[in-house]
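Structure record follows, encoded as structure tokens.
The values are calculated or read from the model by the stated rules, or taken from the named source; none is laboratory data. This structure is a prediction, so every number in the text was calculated from the model and none was measured. We place every Cβ from the backbone using ideal geometry, glycine too, and count neighbours over all the protein chains shown. Accessible surface areas use protein heavy atoms only, side chains included; no ligands, DNA or RNA. Shrake-Rupley method; radii C 1.70, N 1.55, O 1.52, S 1.80 Å.
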Amino acid sequence: MARERSKGFTPGRARNLVGVAKVVAPALIPVVAPLAARAAAAVGDRYDRYRARKLGVPVDEVTRYSGHGARLHARIAGFAQALEAVRAQDRDYVESTEARLTQLTAAVRAAERMPSPRRKAAHRAVGTDLDALEAELLKRLGVS
């Protein structure tokens, strides 16, 4: 009677696979390495574009905003740029608002090192202040 062959993974098959891998792998590395590098670069690029979209900033500015408060930092920076449209009309408003933005930026930076519940509360407070400042700016620009 013929002996039934084992269909599982045996030590003999493992040795054979390792032997084949030792012969084939060096030949594949020059082909696979550039493809892997291109794939990694493409994934990194897509992630940067995703973060830029999420933060509302151009892709080349993504690296300026990091950490838990990245979104707030980007929002504050965008608001500071928008203030320039009002500078000629009301310099006092712009200067006082810029001082407040400096305080909010410091608060977001300080919150980075806080425990999670306190950091989230600080971020909510900064977000609420930004909402009020943005509403005031829109009113001054004539947008309801």
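Here is how the numbers come out for the structure above:
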read-out: Subset of the range 7-59 that is under 21 Å from residue 69 (Cα atoms) and charged (D, E, K, R) - its residue that is nearest to the chain's Cα centre (by Cα); value: 51
read-out: Flag for residue 57 being among the β-branched types (Val, Ile, Thr) and surrounded by 11 or more Cβ atoms within 10 Å (Cβ to Cβ); value: yes
read-out: Tally of residues being open to solvent by 50 Å² or more (accessible area, probe 1.4 Å) and under 26 Å from the mean Cα position of the chain (by Cα) across the range 96-128; value: 17
read-out: Subset of the range 130-144 [open to solvent by 50 Å² or more (accessible area, probe 1.4 Å) and in contact with a Leu (Cβ under 8 Å, 6 or more places away or on another chain)]; value: 144
read-out: Tabulated pairs, the range 66-83, first farther than 14 Å from residue 101 by Cβ, second polar (S, T, N, Q) and open to solvent by 30 Å² or more (accessible area, probe 1.4 Å), C-beta under 9 angstrom, 6+ apart or interchain; value: 68/116
read-out: Unique residue being assigned to a helix (DSSP H, G or I), closer than 30 Å to residue 124 by Cα and among the charged types (D, E, K, R) when the list is 15, 51; value: 51
read-out: Residue check for residue 122: among the small types (Gly, Ala, Ser), touching a helix residue (DSSP H, G or I) at 6+ places or on another chain (Cβ under 7 Å) and either under 15 Å from residue 78 (Cα atoms) or without any contact (Cβ under 8 Å) to a residue 24 or more places away in the chain (or both); value: yes
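Yes or no, residue by residue, for (1) among the β-branched types (Val, Ile, Thr); (2) surrounded by 12 or more Cβ atoms within 10 Å (Cβ to Cβ):
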| position | (1), (2) |
| --- | --- |
| 14 | no, no |
| 21 | no, no |
| 44 | no, no |
| 47 | no, no |
| 67 | no, yes |
| 71 | no, yes |
| 76 | yes, yes |
| 89 | no, no |
| 94 | yes, yes |
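One line per residue, one yes/no per condition, for (1) outside any helix (DSSP H, G or I); (2) aromatic (Phe, Trp, Tyr); (3) out of contact with any helix residue (DSSP H, G or I) (no Cβ under 8 Å at 6 or more places or on another chain):
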residue	(1), (2), (3)
9	yes, yes, yes
23	no, no, yes
37	no, no, yes
66	yes, no, yes
74	no, no, no
87	yes, no, no
